[in-house]
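What follows is one structure encoded as structure tokens, with my remarks underneath.
The values are calculated or read from the model by the stated rules, or taken from the named source; none is laboratory data. No experiment lies behind these values; they were computed from the predicted model shown. Don't worry about glycine lacking a Cβ; one is built from the backbone with ideal geometry, like all the others, and counts go over all protein chains shown.
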């Protein structure tokens, strides 16, 4: 598929943010990126006109009840069959921050045995309250998540987090079994690391929210649905990087390879 023909849909809802940054990232890579309000998509039900679906970050509906829950239920009620078909056809789906929370609430992540009726994990209250700062995460996938397949093994990205509920957890009684399943099925994609690239091992501030096993992002068993808490779109340009005055100004920041990999995968996939 030609890059200029790729169509990316970014859905927004009351309270979402980072949507414009994400649109800019995709458009900067030469694809068609459309930002549409959720209610507009509910009316037209034309998800299958697009190749990639993105749920951006923010605080949809003020994160009442719990983060992403209201937006997820609304999507399930209004466009549930369209979403399931989109996923079943293997079209890439990305959820960043609030979008990750929504995908977990919808049952599309981790979805060990397919879309689950109830959430199998949670993005719980962060151990150190609301965090809005720079972190590092390492790509730990082995190739199952095709969207990240154009990154080098162990690739590290510095980018911001901005959340109060981002601590990835499994139910305690199934924690170790579910972690093994993530590894066995190559569903663990991003983990928090320190400045030296070593895993945070749960330590703050490298692990900003106390996430189990330093988990920053996972994919579904098919590798076509990806969710993560950090914001690569906020590190797309070089001047956004916090250390450029010391290290020198580059045209692009750490976030660009993340989105470039998604675009390259879509070019090859369709």
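Observations on the model:
- Residue list for region 122-155, restricted to those being without any contact (Cβ under 8 Å) to a residue 60 or more places away in the chain and closer than 23 Å to residue 68 by Cα: 122, 124, 125, 129, 130, 132
- Some residue of region 42-51 being free of Cβ contacts under 8 Å to residues at least 40 places away in the same chain, under 29 Å from residue 254 (Cα atoms), surrounded by 15 or more Cβ atoms within 10 Å (Cβ to Cβ) and under 18 Å from the mean Cα position of the chain (by Cα): no
- Restricting region 198-223 to residues that are free of Cβ contacts under 8 Å to residues at least 60 places away in the same chain and on the phi > 0 side of the Ramachandran plot, the residue that is surrounded by the most Cβ atoms within 10 Å (Cβ to Cβ): 214
- Residue 91 touching a strand residue (DSSP E or B) at 6+ places or on another chain (Cβ under 6 Å) and buried (at least 19 other Cβ atoms within 10 Å of the Cβ): no
Residues are listed down the side, and each one gets a yes or a no for (1) modelled with pLDDT of 95 or more; (2) surrounded by fewer than 24 Cβ atoms within 10 Å (Cβ to Cβ); (3) on the phi < 0 side of the Ramachandran plot:
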site	(1), (2), (3)
101	yes, no, yes
107	yes, yes, no
116	yes, yes, yes
119	yes, yes, yes
137	yes, no, yes
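- Scanning region 150-165 for residues that are crowded, with 16+ Cβ neighbours inside 10 Å and part of a loop (DSSP other than H, G, I, E, B) gives 150, 151, 155, 164.
- Flag if residue 25 is surrounded by fewer than 22 Cβ atoms within 10 Å (Cβ to Cβ) and in contact (Cβ under 8 Å) with a residue 24 or more places away in the chain: no
- Note on region 57-75: among residues that are in contact (Cβ under 8 Å) with a residue 60 or more places away in the chain and part of a loop (DSSP other than H, G, I, E, B), the one that is farthest from residue 227 (Cα to Cα) is 66.
- Filter result (touching a helix residue (DSSP H, G or I) at 6+ places or on another chain (Cβ under 6 Å) and part of a helix (DSSP H, G or I)) within region 37-46: 42
- Residues of region 240-260 classified as farther than 26 Å from residue 93 by Cα and free of Cβ contacts under 8 Å to residues at least 24 places away in the same chain, total: 9
- Within region 1-36, the set of residues being more than 19 Å from the chain's Cα centre (by Cα) and part of a strand (DSSP E or B) comprises just one member, 32.
- The numbered conditions (1) in contact with a helix residue (DSSP H, G or I) (Cβ under 9 Å, 6 or more places away or on another chain); (2) assigned to a strand (DSSP E or B); (3) within 23 Å of residue 236 (Cβ to Cβ) are all true for residue 168 except (3).
- Screening region 171-210 for residues that are under 23 Å from residue 221 (Cα atoms) and in a loop (DSSP other than H, G, I, E, B) and picking the one that is nearest to the chain's Cα centre (by Cα) gives 187.
- Within region 76-118, the set of residues being part of a strand (DSSP E or B) and within 17 Å of the chain's Cα centre (by Cα) comprises 93, 94, 95, 96.
- Test result for residue 217, touching a helix residue (DSSP H, G or I) at 6+ places or on another chain (Cβ under 9 Å), within 11 Å of residue 137 (Cα to Cα) and part of a strand (DSSP E or B): yes
- A residue that is touching a strand residue (DSSP E or B) at 6+ places or on another chain (Cβ under 6 Å), surrounded by 14 or more Cβ atoms within 10 Å (Cβ to Cβ) and on the phi > 0 side of the Ramachandran plot can be found somewhere in region 3-15.
- Residue match in region 244-260 (condition: touching a strand residue (DSSP E or B) at 6+ places or on another chain (Cβ under 7 Å), under 19 Å from residue 54 (Cα atoms) and assigned to a loop (DSSP other than H, G, I, E, B)): yes
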